[in-house]
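Just so you know, all these numbers are worked out from the coordinates, no wet-lab data involved. Please read all numbers here as calculations on a predicted model, not as lab measurements. For neighbour counting, all protein chains shown are included, and Cβ atoms are generated from backbone atoms with ideal geometry for every residue, glycine included.
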Amino acid sequence: MIKKLIRSILGRGKAAAAEGAEPVKKTRAKAAAAGGKIDPDVLGPKEHGIDPALVSPNAVRVTQTLQDAGYKAFIVGGAVRDLLLGIKPKDFDVATNATPEQVKQLFRRAFIIGRRFQIVHVMFGQELIEVTTFRGASAEAAPKDEHGRVLRDNTFGEQHEDATRRDFTINAMYYDPASQAVLDYHGGIADIRDKKLRIIGEPEARYREDPVRMLRVVRFAAKLKFTIDPASSAPIRVMAPLIDNVPAARVFDEMLKLLMSGHALACLQQLRKEGLHHGLLPLLDVVLEQPLGEKFVSLALANTDARVKEGKGVSPGFLFASLLWHQVLEKWRAYQAAGEYPIPALHLAADDVLDAQTEKLALQRKIASDMRDIWAMQPRFERRVGKAPYKLLEHLRLRAGFDFLLLRCQSGELDAELGEWWEAFIAGNGAEREELIARKPADPAGSSAAPKKRKRRGGRNRSKSAGDTVDTVDTVDTVDTVDTVDTSDSGSEQEASAPAPVRARAPKEAAESPVEPAEGGTAEAPKRRRRRRSSGGAGGAGGEGAPAGDD
């Protein structure tokens with residue numbers, strides 16, 4: 001009986017506490033909207049359970065230096081959120097009441113950056129600690145664009161105002177490493193325990209101030225597996241077009257964070273759910289609705305997520321090349337159907353896709369270059385004859401291109417045999433590679449069409465009847481030159497038909513060489529024709545009417 005009584009009392013106490021939490025949140029929300037002062041909840045080490053070992057020593061050093069100089073200083077934002085979830089943060093931000101100039105004076109390697117709001121980057125070796133001054137309430141006179149987005153706001157203020165200026169409740173908590181206390185202004189700890197993502201203030205107004213917050217809410221919801229508060233989610237679909245007014249560089253940075261969060265696939269699915277995918281990566285929604293495209297993109301994102309979780313590096317160029325590949329593939333096929341040769345058609349398709357993306361995402365030059373390299377290598381993997389495979393081994397982006405090829409094989413776009421062949425070729429020694437090339441089954445696209453094109457072009461140079469056998473040395477040298485120039489790099493019949501330099505034999509050398517008479521003719525006539533043509537320069541050694549000999 002006593003146990004039941006105690007349980008009933010405790011249950012009522014918990015229910016009462018839960019019922020009382022909502023009015024507190026509403027009261028704080030009203031106070032924040034009215035610009036009034038909010039007193040934070042202060043939680044000690046036993047209540048919040050943060051492990052000090054997860055805190056960066058350099059972040060502690062920054063807060064201690066500022067506090068020793070007489071300023072307030074706290075670790076803030078996503079770092080506190082991750083610490084409360086028991087996750088070691090990747091980055092640490094510090095908030096203080098010191099101005100950027102005052103912060104800069106306290107640290108040897110400190111740099112003031114930012115236009116909209118100035119912040120200070122404090123460097124400790126490779127680690128960067130970002131220090132911001134408490135922001136005040138947004139001034140009505142702050143410059144805005146025609147859609148209400150704040151362009152510049154360097155207003156400093158008090159700590160409670162800074163908490164109100166932050167986007168989500170789970171990011172508006174402050175941790176003091178010295179006292180190990182957490183200051184919670186907007187019920188962030190309760191939202192973390194409820195796994196709820198809630199924006200501070202009026203959602204529509206906050207999204208209008210900075211439309212990138214709509215992308216951030218998606219990223220946090222997917223990464224943390226939180227649900228978005230209905231009031232915070234409702235305006236997103238309607239206000240999504242406001243993202244078009246954000247500078248492309250900011251959108252690209254946020255998309256990069258989203259895709260390299262370790263939960264890229266979940267983030268894209270959340271983007272589609274909230275109606276935010278249109279326009280960010282043009283036609284991405286169409287690609288994801290196609291079975292082959294959806295499988296390819298899903299494999300690429302799953303691969304990326306696995307590498308992030310294992311602590312391995314991820315190439316943004318590879319990631320964006322994967323996301324946009326099926327757009328390139330579609331345009332590539334269209335250009336070939338219109339009569340373009342395969343290699344020029346691929347470059348034209350890449351140009352079209354990258355130009356369309358530049359309007360939405362400020363792709364850095366290096367990333368765009370990596371994407372082009374990965375795409376351009378794909379037709380070269382299909383050429384497995386002669387020196388072409390060896391030449392491809394020297395490519396600086398071989399690993400990325402090969403991983404991309406494996407994705408294409410796994411998705412069913414290409415035969416798995418091609419990926420297995422290249423895997424064995426890359427890992428093999430010299431003898432094993434020669435064997436792979438020798439026993440490779442002939443395919444019309446790679447091994448038969450291109451050599452015929454080369455023979456037709458080289459026929460003028462190495463055409464031989466029985467009387468031309470004297471020029472065998474010259475013919476071999478010319479063929480080697482041709483193979484090195486065209487088949488290894490382009491894989492294109494169009495490029496293979498381009499003229500190549502021919503080494504002409506000196507008249508004296510030709511006269512001294514023994515000649516066997518040709519069957520059905522004399523050896524002298526071809527020899528005189530060859531000398532007469534070679535004396536005119538690099539125009540070729542054989543006549544147009546000469547028979548195209550066999551190799």
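Listed highest first by mean packing, meaning other Cβ atoms within 10 Å per residue, what order do 81-90, 201-210, 422-431 come in?
Numbers: 81-90: 16.2, 201-210: 17.8, 422-431: 12.8.
In descending order of packing, they fall as 201-210, 81-90, 422-431.
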### Query
Given region 92-141, what percent of its DSSP beta bridges are antiparallel, to the nearest 5?
65
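For an R0 of 22 angstrom, estimate the FRET efficiency from the Cβ-Cβ distance between D403 and R333 and round to the nearest 0.05.
Working: r = 23 Å, r/R0 = 1.05.
Computed FRET efficiency for D403 and R333: 0.45.
Dividing the convex hull volume of the alpha carbon atoms of region 230-387 by its residue count, what do you get in Å³ per residue? Display every interim value, and only then the final one.
Values: hull volume 22.6 nm³, N = 158.
It comes to 143 Å³ per residue, whole-number rounded.
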### Summary
Each label sits 7 Å from Cα toward the beta-carbon; between S369 and K46 the label points are separated, in nm, by 6.0
#### Entry: Extension gain (nm, one decimal) between R307 and Q126, 0.36 nm per residue minus Cα-Cα
63.0 nm
#### Entry: region 288-320: trypsin sites (Lys or Arg not before Pro) falling in loop per DSSP and having at most 12 other Cβ within 10 Å
K312
### Summary
Expected vector for region 74-85, Karplus 3J(HN,Hα) from phi with 6.51, -1.76, 1.60 and θ = phi - 60°, integer Hz, x for Gly and Pro, equals 9, 6, 9, x, x, 4, 5, 4, 5, 4, 5, 8
#### Entry: Packing-based order for 98-106, 243-251, using average beta carbon neighbours within 10 Å, highest first
98-106, 243-251
### Query
Which of the residue pairs K331/K387; K196/K295; K90/K225; K331/K360 have a Cα-Cα distance greater than 23 Å in the structure shown?
K331/K387; K196/K295
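Nearest 20 debye, what's the magnitude of the dipole of region 335-385 about its Cα centre given +1 on Lys and Arg Cβ and -1 on Asp and Glu Cβ? Intermediate values should be presented prior to the final figure.
Details: 7 positive and 8 negative charges, 57 e Å.
Value, rounded to 20: 280 debye.
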